[in-house]
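Some notes on the structure that comes next.
Values quoted throughout were computed directly from the atomic coordinates according to the rules given, and no laboratory measurement underlies them. Here the structure is a predicted model, which means the values were calculated and not measured. Virtual Cβ from ideal backbone geometry, glycine too; neighbours counted across all protein chains shown.
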Amino acid sequence: MKVYTASGWIAASSASVATLATYEFVATSGQTVFTGADANGATLSYVAPALLVTLNGVRLRPGDDYTATNGTSITLVSAAALNDELVVDAFGSFLVANTYTIAQTDSLLAAKSNTSTTVTKDSSTGAGTMPVGTTAQRPGSPATGMFRMNSSTAEPEWYDTVNSRWNTFASSPNEYSIEYLVVAGGGGGGTDGGGGGGAGGYQASSLTVSKTSPYTVTIGSGGVGGATGTATTSGGNTVFGPITSIGGGRGGDNAQGTSGGTGGSGGGATRAATGAAGTTGQGNKGGDSLNTAYEGGGGGAGAAGGNGIVGGPSGNGGVGLQWLNGTFYAGGGGGGTDAAAATAPSGGNGGGGNGGSSSAFPTAGSANTGGGGGGNCSLFNSAGTRPGANGGSGVVIVRYLGATRGSGGTITSAGGYTYHTFTSSGTFTA
């Protein structure tokens, strides 16, 4: 049998060459059993009861006129006469090509129900089974409509392409994830042979923000470098919604305490004192002064301030940390000195100002980096005019994947991310 398609005639059955086979036998006198090759040389074969038997053109009734059970022979009830013609029409099985049996289909469905990619329902009173996996096993290229059971969080989740994130079923569509950097103002450098200012507190992480709640941004100012009639001050705190980074500690000096001030990172010490402590998770301690002439550098987000050693030099500022945009922030200020020293201690990478030497003033921490100000050298200026350098102001940066969604700050785009940079106080609205 053939079926006509757009590509032409194709076989309708994959089980046999034909769906009907005809066998013709010429009887001998008194013959009752017909088997083997027929008059045309074809060997009798059938599948009972799918056959028709005629004798001299008269259809015979199975059971009454003949028996056919074994698939290879026909036995007549009444013997045929000489030259009687017995014709057997045997029907072949009809099967559609490339199909599954019921048993094969049931087996495939049972196997699929145990995979991590198929949702099944056990019964009318059962429950659906969704894919299960850890957070790390989420699909690498998720698409709208995907949902799964997160075994790390013990919560079901679904993928939202608008906000490019996995949501729990309790999540609000008005929320999305951001990454943030919050850096406080750096501390001022100490005067008259003072320690370096500590870097502003550094915090960087991720946060889920809501479109219905604005986030207040307060940028901490840099601390003031000490001078005659002016006290050295620590940097100001920087606030982004619920996140507060602590201002960097002031550098040590004789007037306000030789150990410097505590802060996001601690100020460097002077006059053989110990540097001040930083805030856990935001910065490091200031460097120590190991004798009365060479002072400690301010602590940085990435490392403690360098120690001022006996015979020099004074300590460099502690190094800052590099954020996701590739820039370093929150370096400590270099320590000053109370001795003739031509080499100025370096500020920490991340905006820290250099310490003063006998031939150069200290430098201020860079604006909007949270860098600490450099401490001054007592021999560079006449008595009473030996100021430390100011700390750098803080900064808040928010970034998220995709096009601009929020408002506030200076908005830029790079590498598929949108950035909101705040160098002065304001409001971020998601």
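Miscellaneous remarks
- Electrostatic bookkeeping for ILE309 treats Lys and Arg as +1 and Asp and Glu as -1; over the other residues with beta carbon under 14 Å from its beta carbon, the sum is -3.
- Using θ = phi - 60° and Karplus 6.51 cos²θ - 1.76 cosθ + 1.60, couplings along segment 68-75 (whole Hz; Gly, Pro as x): 8, 10, 8, x, 10, 8, 10, 10
- Rounded to the nearest 10 degrees, the angle from helix 102-112 to the longest Cα principal axis of the chain is 10 degrees.
- For segment 262-325, convex hull of alpha carbons as volume per residue, Å³: 54
- In terms of packing, defined here as the mean over residues of other Cβ atoms within 10 angstrom, the peptides 264-272, 411-419 line up highest first as 264-272, 411-419.
- Converting the Cα gyration tensor eigenvalues of the chain into ellipsoid dimensions via √(5λ) gives semi-axes, longest first, of 97, 20, 16 Å.
- For the chain, the relative contact order comes to 12 percent (Cα pairs under 8 Å, sequence separation of at least 6).
- HN-Hα J in Hz across segment 190-199 - Karplus 6.51, -1.76, 1.60, θ = phi - 60°, x for Gly and Pro: x, 9, 6, x, x, x, x, x, x, 6
- Rh by Kirkwood over Cα pairs, then Stokes-Einstein D for segment 173-430 at 1.002 mPa s and 20 °C, µm²/s: 127
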